[in-house]
Amino acid sequence: MAGAFRMDSRLFQIVEKTVNLIKLNIIWVLCSLPLVTAGAALCALHVTAVKILEGEEGYVFRDFWRVYRSKMRLSLKLWLPLLAAAFALGFDYMFWREVEGNLAESMRVLICVLSGMWIALVIYVFPLAARMETDAGVTCRNGLLLVFKYLPQSVYLLFITGVFLAAALLWTPVFAAGVFAGGSLLAAVHGKMLMWIFGKEGIIQP
């Protein structure tokens, strides 16, 4: 039994990763609270979650803060237009929800499709920003190209995101777990697929 708690044991490694994911989730939430800084927090979340997933993490806060600080300016240029687009989609949906008829139904479907594209773009853009030294326009364009170039993988990432959100809303234990480590765990799951895609594209490590 004592062997299970050795530093190199499987159980100890699982516990260590779980604790690090909880730490990362708390830091990510706190750094996202100003809202305008959420883009930089997403960059740092991706890099740090992948380090935890691959067992390369050092100090979670230090790893997070290094990326968060270095990518602040670029992430603002990416996040603010995306944030404005999210508000626009939300207001449009609320408007068309109160309207009846075929046109309103078509518009609601279109807004849902555009919202899915928005989420997919966010999933790609900030990990790209964290790993490439390109300006905001090029980063956004590359993210959009990857969404469609790897469409099956993009659908998978959206599906996983939807499952996480639905499970958290429908099942209290999952919601509780999500409060502690939901964002970092989802970033780690996304990161596994994104690193495969980035590897095929020859995108360098940060």
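The values are calculated or read from the model by the stated rules, or taken from the named source; none is laboratory data. The model shown is predicted, which means the values in this text are computed figures rather than measured ones. Note: ideal-geometry Cβ built from the backbone for every residue, glycine included; neighbour counts use all protein chains shown.
Summary of values
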{"read-out": "Only listed residue being touching a Phe, Trp or Tyr at 6+ places or on another chain (Cβ under 8 Å) and among the aliphatic types (A, V, I, L, M), chosen from Ala168, Ala136, Ala120, Ala129", "value": "Ala168"}
{"read-out": "Sole exception among (1) modelled with pLDDT of 95 or more; (2) within 30 Å of Leu21 (Cβ to Cβ) for Ala88, by number", "value": "(2)"}
{"read-out": "Any hit, the stretch 73-80, residues being within 23 Å of Ala120 (Cβ to Cβ), outside any helix (DSSP H, G or I) and modelled with pLDDT of 90 or more", "value": "no"}
{"read-out": "Of residues in the stretch 54-76 being of a type in the set (Ser, Thr, Tyr) and buried (at least 21 other Cβ atoms within 10 Å of the Cβ), the one farthest from Ala41 (Cα to Cα)", "value": "Ser75"}
